[in-house]
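Take a look at the structure below.
The values are calculated or read from the model by the stated rules, or taken from the named source; none is laboratory data. Source: prediction; values computed, not measured. Because the Cβ atoms are built from the backbone with ideal geometry, glycine has one as well, and the counts that use them run over all protein chains shown. What goes into the accessible areas is simple: the full protein's heavy atoms, side chains included, and nothing from ligands, DNA or RNA. Shrake-Rupley method; radii C 1.70, N 1.55, O 1.52, S 1.80 Å.
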Amino acid sequence: YSQNYIENPFQGNCIWMLRDIYSFSPHKVVGSVALTIQAEKLREILEDSIGEEMFYILLTPTNKIVCCRDGNLIGMDLESISGDIAAALSTKGSMEAKWDGEICKIMSLQSEYSSLRLITGKPVRLLAKEATGFVWYSVGIGLGVAVIIIILTFRNVGRNLKPLKVL
């Protein structure tokens with residue numbers, strides 16, 4: 001539901017999940033459980049676990065946005081906002097799509113229990129920057145190990161040749 005008098009869309013929207021409760025024997029519905037979470041709490045959980053540089057979109061089975069970084073998108077249809085991501089959802093694994101004017105590597109995961117779909121993405125430029133940093137780190141470690149091996153080799157060779165020089 002949405003409360004129009006609240007300016008913050010994360011505080012004015014809640015997510016409800018309803019599940020039936022079944023008896024053991026006979027197997028029939030004996031009640032229901034209703035769970036609710038405010039979009040603000042859900043946003044806090046997602047941002048803590050996903051991080052600053054990545055974006056996220058939580059969707060209903062009909063591709064309506066339930067939660068994302070931009071609260072103004074809550075309730076909107078994903079296809080009207082990003083046809084690239086909506087089209088990419090049909091593929092398995094990671095994919096590339098455009099979000100906020102940047103090419104992003106995105107992943108999608110659908111919950112078995114709630115049928116909600118979580119899409120996370122990170123701009124390719126940031127992934128390339130992280131990979132470049134890792135490469136330089138690896139090269140530095142490799143050079144350090146090579147220098148240590150050369151020093152130890154010269155030291156051991158000198159130690160082994162010393163008795164020959166004395167002889």
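Do we have Arg159 as of a type outside the set (A, V, I, L, M) and surrounded by fewer than 10 Cβ atoms within 10 Å (Cβ to Cβ) here? So Arg159 passes the test.
Of all residues in the range 87-107, those satisfying the criterion of being more than 22 Å from Ala39 (Cβ to Cβ) and either part of a loop (DSSP other than H, G, I, E, B) or modelled with pLDDT under 75 (or both) are Ala87, Ala88, Ser90, Thr91, Lys92, Gly93, Ser94, Gly101.
The residues in the range 68-86 that are in contact with a strand residue (DSSP E or B) (Cβ under 8 Å, 6 or more places away or on another chain) and part of a loop (DSSP other than H, G, I, E, B) can be counted, and the count is 5.
How many of the residues making up the range 37-61 are aliphatic (A, V, I, L, M) and farther than 17 Å from Leu73 by Cβ?
Taking the range 37-61 as the starting set, the residues that turn out to be aliphatic (A, V, I, L, M) are 37, 39, 42, 45-46, 50, 54, 57-59.
Among the residues that remain, those that are also farther than 17 Å from Leu73 by Cβ are: 37, 45.
Final tally of qualifying residues: 2.
Leu118 meets all of the listed conditions (1) farther than 23 Å from Asn13 by Cα; (2) open to solvent by less than 80 Å² (accessible area, probe 1.4 Å); (3) in contact with a strand residue (DSSP E or B) (Cβ under 8 Å, 6 or more places away or on another chain) but one, namely (1). On inspection, Leu73 does not qualify as under 14 Å from Arg117 (Cβ atoms), buried (at least 17 other Cβ atoms within 10 Å of the Cβ) and among the aliphatic types (A, V, I, L, M). With respect to the numbered conditions (1) exposed (fewer than 13 other Cβ atoms within 10 Å of the Cβ); (2) without any contact (Cβ under 8 Å) to a residue 12 or more places away in the chain; (3) among the polar types (S, T, N, Q), which one is the sole condition not fulfilled by Gln110? Evaluating Gln110 over (1) exposed (fewer than 13 other Cβ atoms within 10 Å of the Cβ); (2) without any contact (Cβ under 8 Å) to a residue 12 or more places away in the chain; (3) among the polar types (S, T, N, Q) leaves (1) as the failure.
So, in the range 10-30, of the ones that are open to solvent by less than 50 Å² (accessible area, probe 1.4 Å) and closer than 16 Å to Leu59 by Cα, which residue ends up modelled with the lowest pLDDT?
Let us first name the residues in the range 10-30 that are open to solvent by less than 50 Å² (accessible area, probe 1.4 Å), namely 10, 12-15, 23.
This time we only want the ones that are closer than 16 Å to Leu59 by Cα, so: 10, 13-15.
Numbers: Phe10: 69, Asn13: 75, Cys14: 76, Ile15: 78.
If we take residues in the range 10-30 being open to solvent by less than 50 Å² (accessible area, probe 1.4 Å) and closer than 16 Å to Leu59 by Cα, then Phe10 is modelled with the lowest pLDDT.
Residues in the range 31-44 that are open to solvent by 70 Å² or more (accessible area, probe 1.4 Å) and not in a strand (DSSP E or B): Lys41, Glu44.
Among the residues making up the range 121-135, those that are of a type in the set (A, V, I, L, M, F, W, C) and either surrounded by 11 or more Cβ atoms within 10 Å (Cβ to Cβ) or more than 29 Å from Trp99 (Cα to Cα) (or both) are Val124, Leu126, Leu127.
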